[in-house]
Amino acid sequence: MKVHRGVCPVQRYKAPGYPDKERAKVQPELLEPVPARWKRSPALCAALALTVSAGLWGCAGQGSRVRLFTGGEGIVRVYGGAGWVGAIQPPAFLSEQEACQIIREEAEARGIHFASEGTKTLNGRFPVTEFQMDRPSPDGETWHGNLALDGYDTEKGVGFEYISKTDIEQWSQTDMQADETSSLYDFSGAGLMLSRSIREQMDEDWGKIGILYDPGTVYVKMDEAAISEEAYQRIQRDFKIEQLRLQVRDFLDWLAAQGII
């Protein structure tokens, strides 16, 4: 049997599962101490080595003081504010209160004692995160004011900000409940914008800041026995808590690598 082979151009490449050169340019904190989860992946370590060899290590700068920690895609889609609509699954969020409790629990176990909001306030320009799908993106738009970190350890000079649904709506000055259009909450994108904004203007006394976010949702396969929305929300909550704990542990490992804990 004859087999004819030919060369065909690839029309579209799948996004890599590791930080590439372009992402490292806009998120230089990725070049700082590597999270433990990355160290267990030869592919990620190889990618990091290539990035460093490309001469980007020196771009880290303020990345050693503020950093976004990833875990989960960080995206929640809302279709017309409805719940189940055919095969469309309902939105699911992790509240700021529950997330901050989880973050504090993980931090306490490693010797970091985060006080409540209000002990550390940053003043500057921060990004407006638009989430309405049918509106133009306000790229470069900012609001000027005070951002009270969700937690801060005064003794160690370490704080964190968890990006929640409430944050995005406040920054966008939009009430999702009053809007019936389809929406996209991009928590990881908001985290990237916020970490960049802080890095560009932070003062010496701002300390070390970790940016964490709602991990988004995990796909739930629908079988013949329809799952209840309550069961669906429970699956999403378990996923979010697991991914958020990974974010926090990477944050704490980063602090440990710098001798803070």
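What to note about this one:
- Within the stretch 185-203, tally of residues that are buried (at least 23 other Cβ atoms within 10 Å of the Cβ) and outside any helix (DSSP H, G or I): 1
- The lone criterion from (1) closer than 22 Å to Asp167 by Cα; (2) open to solvent by 10 Å² or more (accessible area, probe 1.4 Å) left unmet by Pro215 is number (2).
- Going through (1) at pLDDT below 85; (2) under 25 Å from Val218 (Cα atoms); (3) open to solvent by less than 50 Å² (accessible area, probe 1.4 Å); (4) in contact with a Leu (Cβ under 7 Å, 6 or more places away or on another chain) one by one, Ala99 falls short only on (1).
- Only one entry in Ala107, Ala92, Ala47, Ala60 is open to solvent by less than 40 Å² (accessible area, probe 1.4 Å), modelled with pLDDT of 85 or more and under 24 Å from Leu255 (Cβ atoms), namely Ala107.
- Of the criteria (1) open to solvent by less than 20 Å² (accessible area, probe 1.4 Å); (2) modelled with pLDDT under 95, which one Glu224 fails: (1)
- Failed item, numbered, when Arg77 is tested on (1) at pLDDT 55 or above; (2) open to solvent by less than 10 Å² (accessible area, probe 1.4 Å); (3) in contact with a Leu (Cβ under 6 Å, 6 or more places away or on another chain); (4) more than 20 Å from Lys156 (Cα to Cα): (2)
The values are calculated or read from the model by the stated rules, or taken from the named source; none is laboratory data. Note that the coordinates shown come from a computational prediction; the quantities given were computed from them, not determined experimentally. Cβ sites come from the backbone with ideal geometry, for glycine too, and all protein chains shown count toward neighbours. SASA here: full protein model, heavy atoms, side chains in, ligands and nucleic acids out. Shrake-Rupley method; radii C 1.70, N 1.55, O 1.52, S 1.80 Å.
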